[in-house]
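The values are calculated or read from the model by the stated rules, or taken from the named source; none is laboratory data. None of the values given here were measured: they were computed from a predicted structure. FYI the Cβ positions are ideal-geometry reconstructions off the backbone, even for glycines, and counts take in every protein chain you see.
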Amino acid sequence: MEKNKQINPELLKVSSMEWQVQDQYTVLYKDTYIYDKNNPILKIDQKLNNIEIKKNTLIIVPSPVLFYGLKTLLNKLPENCFVLCVEYEKELYELKERPESDYLPEIEYLNITNHDIFLNYFETKKELSVIKHILFLPLNKGYLLHKDFYAECYDNLKKNLKQFLKNSLTLYSLGKRYYKNLILNLPSWSNGKDIKELKIDKPVVITGAGESIEKALPLLKNNRTLFKIIAIDTSLKTLTNFGITPDFIIAVESQFYNIFDFIGNSSAPISIIADMTTYPLTSRIFKGEKYYFTSNFTSSNFLDSLKNDNLLPTFVPPLGSVGITALYIAAMICNSFIFYTGLDFAFMIGKTHAKDSPMITDTLINWSKLSENNNYHVSINGNLIEAGQFCNKTIYTTPVLKSYAEIMDNLISKNKNIYSLFSSPVLVKNKNSVSDEATFVSMIESGFTSKPAASSQMKNPKTQTEYLLNNTDTNRSQKIKVFLENELNKIEAIINSGVDFLNGISQVDNENIIKQLIEKSDYLLPYYPKANYLKTLDSVAVKFILLSCYSFTKAIKSTLNRI
């Protein structure tokens, strides 16, 4: 007969050195002794003394059980390091309340069974903005009970940190632009709609600017009335030059460059789905409905304040690629099939994009006998990676495109109604694939609906009437006006304190005032590490803050003039 495993963990006293006052225990659970039977604390401390921990490291400790060794770990942590403890078993997690436990409440301790929560962990923790490394540190045999689960937790944290650091680099170069655009877009948003108000019952086709869209163009034109098209900004010219007008354009570019994607289409009745950080002119080009969302591009007190006051549209996680963002949003608003084409994230040498896309057009315009600025040169310029073979041709990608493909793979795996339409399967390996017109039309005409039509009512307890009363254009505009006027007052106070600080007047008091206000209005220093400016401010930092204050004062006043 198979031996029954313990339902509840059993604490067993073990031997220790005579000079040690503390009683030590092992834990017997599911036929496993969690700790060594002979002086477990000493052996864990010896292990910790031999480990080198880098600065700016998050240490993940799986199944800490009685927290032996955690005090030693905390005492040896270098600057800007944090400890995260994770436990799968509820019974072991509850041992933290036992008097035999060395539980430390200052350490974050999670009892979870779903490792996916770590896929956006760093975006939810402001204090972790300084983290650069992750260390997986088992201190006992408890982690062996669910070794694969803890390994997935570790892998997801590494993936999230990798993406978080990429976003941080983007924020370093474009953070100021993101915040300025968001502020300047507030008047347009006050007269527009939240993306969650858009509901589509027809199937949706998302078009990218990859080469595979060329195969889909005849099919899309022949059956245009059967579906809605959400076009990525760079695919607009490819569609319109083939006689196809999309229903929606999605735009996330914060700089002015993709304005050229829309030349010749400003009078078209196309609705736009725009990020609040999009270049402000973009959302004013098109004559159709305007829907907005907010990319959660950083952990910010300023964004939290706007969100809490219901002054920003629905938040969307930072996904890096406009194509992936379009897929994410389509899954939010569509009740039927979602097809994508042109989202290849790979290319053949000499053809990085589809015909008539801005990249191809620009290289043709600037191509000359004396110039290397042609598509062949562009396609081999950079860190090329051979991705595989497709149609007997070698397909290439880049590290950035490959990372986007991995994010898209993860998104597709969570939604069975997303289908590839002629898109290259080299990097994004979607089992749901359509490559002929008959199948495509048959699926659409089947009238398939994967879920009941979503209600436009918000999920919180407010009624629809209350929501409408609180979110009319007039009320929203007035709230935005009051909010921005308060920001101007804060900036004025920072400027006054900054000038006094530089003149040597009450430097300690003025430094504290600046710190308090900057922490609330952190858009003023989007690329200045919080761990630095919340400690000590010198004259260089204060001058930098003042320059930012003058810049954002101009942006806020410009916005107030348009409300």
Q: State yes or no: is LYS414 assigned by TED's automatic domain parsing to the domain that holds ASN241 and modelled with pLDDT under 85?
A: yes
Q) How about region 73-116: which of its residues are without any contact (Cβ under 8 Å) to a residue 24 or more places away in the chain, in a helix (DSSP H, G or I) and within 21 Å of PHE149 (Cα to Cα)? A) LYS90, TYR93, GLU94
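Results for (1) surrounded by fewer than 24 Cβ atoms within 10 Å (Cβ to Cβ); (2) farther than 30 Å from SER173 by Cβ; (3) touching a residue at least 60 places away in the same chain (Cβ under 8 Å), shown as yes or no for each residue.
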residue	(1), (2), (3)
ILE244	yes, yes, no
VAL252	no, no, yes
ILE259	yes, no, no
MET276	no, no, yes
PHE297	no, no, yes
SER300	yes, no, yes
Q.
Let me spell it out: the conditions are (1) part of a helix (DSSP H, G or I); (2) touching a strand residue (DSSP E or B) at 6+ places or on another chain (Cβ under 6 Å); (3) surrounded by fewer than 20 Cβ atoms within 10 Å (Cβ to Cβ), and LYS54 meets all of them except one. Which number is the exception?
A. (1)
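Considering only strands (runs of 3 or more DSSP E) fully contained in region 231-316, which possess at least 1 residues that are aromatic (Phe, Trp, Tyr)?
248-251, 290-295
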**Q.** Subset of region 202-242 (residues that are surrounded by 20 or more Cβ atoms within 10 Å (Cβ to Cβ), among the polar types (S, T, N, Q) and over 22 Å from ILE333 (Cβ atoms))
**A.** SER212, THR238
Q: Could you look through region 13-34, keep only residues that are assigned to a strand (DSSP E or B) and more than 18 Å from PRO64 (Cβ to Cβ), and pick out the one that is modelled with the highest pLDDT?
A: LYS13
Q.
Checking the condition in contact with a helix residue (DSSP H, G or I) (Cβ under 6 Å, 6 or more places away or on another chain) and touching a residue at least 60 places away in the same chain (Cβ under 8 Å), which residue from GLY320, GLY350 passes?
A. GLY320
